[in-house]
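Working notes for the structure below.
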Amino acid sequence: MSKGTLFIFSAPSGSGKTTIVQALLKKFDHLEFSVSATTRSPRPGEINGDHYYFLEAKEFKEKMRKGEFAEWEEVYPGFFYGTLASEVERILQSGNSVVFDIDVVGGLNLKKLYGDQAVSVFVQTPDLETLKNRLMLRGTESEADLQKRLGKAAQELEFADKFDHIIINNNLDAAIGKAEELVRK
Ligand code: 5GP
């Protein structure tokens, strides 16, 4: 395996981690996004192979059975998400470093798997109320899904101190600045 670093960004949904990850990808040429596989449907504007590999549950389970995932999880009941080992290998082989935008348990699993080659970062919103407002503003979830995401977020906050670094996202520009600093180091 080549010497690239794996930057794992994990956080409850709506904490701004995707925005931070996108800013890093724009800023640093040597960073490449690990495109995950998922069984959820694409949101408007999402492109297969770009945001996710959108798979049927049957295809996803076949890959699980064949051991093609570095980690996978049923992130929400009935919805599977996973990091393909081939995706990580491909990026590292090209000499680049990898950036992950994955949930908290997945992030910890990847850190366990890749050890010192990985830097794990927890992105935290100031509080659950802020998170709720952000998710409502985003408006991409139904009321039931919103409640699911908030319930999960409350659990995920408990894991923050298991990460190598915590970035508190009070102010997006400042949070992006901190993330850039981590990558530069
Ligand atoms: P969304 O449906 O909003 O795109 O993602 C839901 C959650 O799943 C987010 O926290 C996202 O970071 C996480 N996620 C995306 N890809 C993966 C993955 O490959 N593995 C795991 N464990 N979580 C993922």
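In whole percent, how big is the carbon plus sulfur part of the accessible area of the chain, probe 1.4 Å, protein atoms only?
Details: 4850 of 9580 Å².
The nonpolar share, carbon plus sulfur, comes to 51 percent.
Within the listed set 12, 44, 126, the Gaussian network model of the chain (springs between alpha-carbon atoms below 10 Å) gives the highest mean-square fluctuation for 44. Karplus-derived 3J(HN,Hα) values for the range 96-106, using 6.51 cos²θ - 1.76 cosθ + 1.60 with θ = phi - 60°, are 8, 9, 10, 10, 10, 10, 9, 6, 5, 5, x Hz; glycine and proline are entered as x. Scalar couplings 3J(HN,Hα) for the range 174-185, obtained by applying the Karplus form with A = 6.51, B = -1.76, C = 1.60 to θ = phi - 60°, are 5, 5, 5, x, 5, 5, 4, 4, 4, 5, 4, 5 Hz; x denotes Gly and Pro. Placing +1 on the Cβ of every Lys and Arg and -1 on the Cβ of every Asp and Glu, with nothing else charged, gives the range 1-88 a dipole about its Cα centre of roughly 120 debye. Ligands, DNA and RNA are left out, and with a 1.4 angstrom probe the accessible area of the range 6-184 is 50 Å² per residue. Say the cut-off is 24 Å between C-alpha atoms; which of 66/111; 17/178; 26/148 go over it? Among 66/111; 17/178; 26/148, the Cα-Cα distance tops 24 Å for 26/148.
Amide hydrogen proximity for residue 33: with H placed 1.01 Å from N in the peptide plane, the residues at 5 or more positions away or on another chain lying under 5 Å are 99.
Per-residue extension of 0.36 nm, minus the Cα-Cα distance of residue 64 and residue 154, leaves a gain of 29.6 nm for this segment. Amide H contacts for residue 52 (H built 1.01 Å from N in the peptide plane; partners 5 or more residues away or on another chain; cut-off under 5 Å): 47.
Quick check for me: using +1 on Lys/Arg Cβ and -1 on Asp/Glu Cβ, what's the dipole size of the chain about its Cα centre, in debye to the nearest 20?
Working: 24 positive and 28 negative charges, 23 e Å.
Charge dipole, the chain, about its Cα centre: 120 debye, nearest 20.
Using the Karplus relation 6.51 cos²θ - 1.76 cosθ + 1.60 with θ = phi - 60°, the per-residue 3J(HN,Hα) values for the range 135-150 come to 5, 5, 5, 4, x, 9, 10, 6, 4, 5, 5, 4, 5, 4, 5, 5 Hz, with x marking Gly and Pro.
Counting only residues 5 or more places away or on other chains, whose amide H sits under 5 Å from the amide H of residue 6 once H atoms are built in the peptide plane? Distant-sequence amide H within range of residue 6: 98, 118, 119. Evaluated at q = 0.08, 0.16 Å⁻¹, the base-10 log of the normalised Debye intensity for the chain, with identical point scatterers placed on the Cα atoms, takes the values -0.23, -1.03.
The values are calculated or read from the model by the stated rules, or taken from the named source; none is laboratory data. Note that the structure is a prediction, hence the values are computed from the model and not measured. FYI the Cβ positions are ideal-geometry reconstructions off the backbone, even for glycines, and counts take in every protein chain you see. Surface accessibility is based on the protein's heavy atoms, side chains included, excluding ligands, DNA and RNA. Shrake-Rupley method; radii C 1.70, N 1.55, O 1.52, S 1.80 Å.
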